[in-house]
1. 222 nm [θ] for the chain, helices only, -39500 (n - 2.57) per DSSP H run of 4+, per residue, to 500?
2. Would you list the membrane-span-like helices of the chain, meaning whole DSSP H runs whose alpha-carbon atoms span at least 15 Å along their axis and whose mean Kyte-Doolittle value is at least -1.0?
3. By accessible area of protein heavy atoms, probe 1.4 Å, what ranking do TYR84, TYR99 get, highest first?
4. Can you list residues from other chains, or at least 5 along the same chain, whose modelled amide H is less than 5 Å from the amide H of GLU11?
5. Output needed for region 151-228: three equivalent-ellipsoid semi-axes, defined as square roots of 5 times the C-alpha gyration tensor eigenvalues, in descending order, whole Å.
6. With respect to the cross-link table entries LYS2/LYS83; LYS83/LYS160; LYS83/LYS154, which display a Cα-Cα separation exceeding 24 Å?
7. Among the aspartates and glutamates, which fall within straight-line cross-link reach of LYS13, defined as a Cα-Cα distance under 20 Å, with same-chain neighbours fewer than 8 residues apart omitted?
8. Using a 1.4 angstrom probe, figure out how much accessible area the chain has per residue, in square angstrom, rounded to the nearest whole.
Amino acid sequence: MKLVTFNLRCESKCDGNNAFHHRRGFVIDRLETEKPDIIGFQEITPAMNEYLRTHLREYTLVGCGREADYQGEHNPVAFLSDKYELIGLDVSWLSDTPYVPGSRFEKQSLCPRIITHTILRPIGEGKPFHVYNTHLDHEFDEARVLGAKRLLEKLKEDQKTHPFPLALTGDFNAYPDSEAIRLLREDEFGLTERTEGLGTTWHDYGRGNEPQIDYIFTRGMKAEGAAELWTQNLNGIYLSDHYPIAVELTREDGETL
């Protein structure tokens with residue numbers, strides 16, 4: 001199974017030639033060429049979501065917006081419609097009241113943050129597995145740490161009723177040595193990072209070289225080779241201001257993914 005985490009960068013006029021309406025054809029072409037099985041998107045506005053639904057014809061996109069009315073920016077999970085069936089879906093908020101739509105931690109940016117959680121099963125064979133996709137706060141370390149703790153709580157809660165392998169994708173807005181990432185790596189729950197040592201993932205359309213902030217974690221799955229950054233550009237037009245990350249995964253128990 002090829003899994004991708006992809007912060008697509010919301011539509012913004014200040015991005016000039018890299019505004020989404022200039023990049024979107026490049027994005028679709030790349031996804032059609034690579035044909036990942038599952039994609040965790042971040043920074044998807046309603047208009048962008050509609051564009052993806054229309055042009056990624058082989059995929060099903062699921063999730064909702066992060067605001068109290070379920071609108072606004074969201075982080076959908078996309079999967080190949082002819083390969084997987086959706087048998088479970090929920091969206092929760094990174095907050096002290098995770099099932100109150102639009103809720104946030106006390107010290108956080110104005111942006112609510114969510115977890116899009118799917119349970120998928122290969123059509124015709126194989127067993128279910130979880131895919132979680134998220135986007136941690138961009139302003140406050142405290143909110144990112146609390147977000148990481150809430151993620152772990154959610155993963156553990158779900159394992160009690162649905163003890164399946166899992167993958168977690170997202171833009172964590174946190175460097176590899178940050179407390180939030182250390183929590184996810186070191187908790188006894190046993191997540192394994194599949195993107196270690198990649199270097200810059202947010203690159204500001206080729207201008208930045210900061211440490212990694214996008215990650216893929218798994219439990220009950222193993223990687224077939226190293227994760228790959230999609231760094232291509234067309235005359236200075238990039239897929240996003242983040243490099244998408246792709247990794248090939250198999251189940252540790254040998255079942256089909």
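1. Values: 4 runs with 54 residues, N = 257.
Mean residue ellipticity, 222 nm, calculated: -6500 deg cm²/dmol.
2. 20-34
3. Working: TYR84 5, TYR99 130 Å².
Reading off the accessible areas and sorting them downward yields TYR99, TYR84.
4. Here the answer is THR45, since their amide H atoms fall under 5 Å of that of GLU11.
5. Numbers: eigenvalues 126, 38, 21 Å².
Equivalent-ellipsoid dimensions as semi-axes: 25, 14, 10 Å.
6. Working: LYS2/LYS83 12 Å; LYS83/LYS160 26 Å; LYS83/LYS154 26 Å.
Cα-Cα > 24 Å for LYS83/LYS160; LYS83/LYS154; rest within.
7. Cross-link targets: GLU43, GLU50, GLU73, ASP204, ASP241.
8. Details: 10970 Å² over 257 residues.
Per residue, the chain has 43 Å² of solvent-accessible surface.
The values are calculated or read from the model by the stated rules, or taken from the named source; none is laboratory data. Note that the structure is a prediction, hence the values are computed from the model and not measured. Here the Cβ is made from the backbone with ideal geometry for all residues, glycine too, and neighbour counts use every protein chain on show. When the accessible area is computed, the model is the full protein with side chains, heavy atoms only, and any ligands, DNA or RNA have been set aside. Shrake-Rupley method; radii C 1.70, N 1.55, O 1.52, S 1.80 Å.
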